[in-house]
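Contents: one structure, followed by commentary.
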Amino acid sequence: MVNEVLNSLLREYEQKKVNAELDLDRRKDNLYKLIPRLEEIDNELNTFAINTAKNILNNTSNSYTIDSLKQRIADLKKEKESILLRNNYDLDYLKPFYECKVCNDTGFTLDDNFNSTMCNCLKQKLLNIAFNKSNIYNLEKENFHNFNETIFSDEVDLSKYNFNISPRKNILNIKNKCIEFIDKFDSIDCKNLLFVGPTGLR
């Protein structure tokens, strides 16, 4: 079930990424028609990038060649930024508008060692789905701030409750354990919390 949910979300992410990139293509086409020089700059940048890679792979480049290519690329990027700003476009206008700027709508991020980690945006979506399936709702009303221990008896009756403390004292102990569990939830030493008992008990 978990794998099905995750696979479904990843398909959504893939579609979002495709949509963002198709949107970029449309914006590029429109902007290139309005300002042809931008297309020329992008084509030049692509050509320089390919030539630089070829020179490095073929060992035909020297430090002067690489430095001059880097300088030319920097000049073209500056010109591109200047054109965008002069025409009242944001500098990111010719980049994909991903919903998540952290993972670029892939659901995963890579660290410096190229290890893949689930992005917080995907974790949140999984959490939201789990939350919606948990039958927990109306948290603005049903929370510890509105917890009313007075509905529990403060009478100690061992024969009736099988405890030598009152139900009120017992429920307050349970409440404190729950809060402690929440506070330490991120700790690797935190143990699970399990509620047991007949159905319908408070």
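The values are calculated or read from the model by the stated rules, or taken from the named source; none is laboratory data. Predicted model, so just to flag it, every value in this text is computed and none were measured. Reconstructed Cβ throughout: ideal geometry from the backbone, glycine too, with neighbour counts over all protein chains shown. Ligands, DNA and RNA are excluded from the accessible area calculation, which covers all protein heavy atoms including side chains. Shrake-Rupley method; radii C 1.70, N 1.55, O 1.52, S 1.80 Å.
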Please flag any cysteine in the chain that has no other cysteine's Cβ under 4.7 angstrom from its own Cβ. C178, C190
Test item: Cα-centred dipole of the chain, Lys/Arg +1 and Asp/Glu -1 on Cβ, debye: 180
Could you name the lysines in cross-link range of K175, using Cα to Cα under 22 Å and dropping any fewer than eight places away on the same chain? K141, K160, K184, K191
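Nearest 0.05, what FRET efficiency do S187 and D90 give at R0 = 41 Å with Cβ-Cβ as r?
Values: r = 42 Å, r/R0 = 1.03.
Plugging the Cβ-Cβ distance into 1/(1 + (r/R0)^6) gives 0.45.
List the pairs from K54/K95; K17/K125; K16/K123; K17/K95 whose alpha-carbon separation is above 22 Å, in the order I gave them. Could the numbers behind the result be given before it?
Values: K54/K95 25 Å; K17/K125 16 Å; K16/K123 17 Å; K17/K95 12 Å.
Over 22 Å apart, Cα to Cα: K54/K95.
If each residue of separation counts as 0.36 nm, what is the full-extension length gain between K101 and N148 once their alpha-carbon separation is subtracted?
On the way: separation 47, 0.36 × 47 = 16.92 nm, distance 4.29 nm.
Fully extending the segment from K101 to N148 adds 12.6 nm.
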Share of accessible surface on carbon and sulfur in the chain, whole %, 1.4 Å probe and ligands ignored, is 53
Report the label-to-label distance for D25 and E140 in nanometres (one decimal), using points 7 Å from each Cα along the Cα→Cβ vector. 4.4
Which of L10, N164, L45 sits farthest toward the positive end of the charge dipole of the chain, with +1 on the Cβ of Lys and Arg and -1 on the Cβ of Asp and Glu? N164
Value of [θ]222 nm, deg cm²/dmol, for the chain, DSSP H segments ≥ 4, -39500 (n - 2.57) each, nearest 500: -19500 deg cm²/dmol
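With every protein chain kept in place and ligands, DNA and RNA left out, what is the accessible area per residue of the chain? Probe 1.4 Å, answer in Å². The partial results should precede the final answer.
Numbers: 15900 Å² over 202 residues.
With all protein chains present, the chain gives 79 Å² per residue.
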So, relative contact order of the chain in percent, Cα under 8 Å, 6 or more apart, is 16
If I build a Gaussian network model for the chain, linking alpha-carbon pairs within less than 10 angstrom, which residue out of P36, P167, P96 has the largest mean-square fluctuation? P167
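Could you sort the peptides 144-156, 12-24 by per-residue average Cβ neighbour count (10 Å cutoff), highest mean leading? The partial results should precede the final answer.
Numbers: 144-156: 10.5, 12-24: 14.7.
Going by the mean number of other Cβ atoms within 10 Å, highest first, we get 12-24, 144-156.
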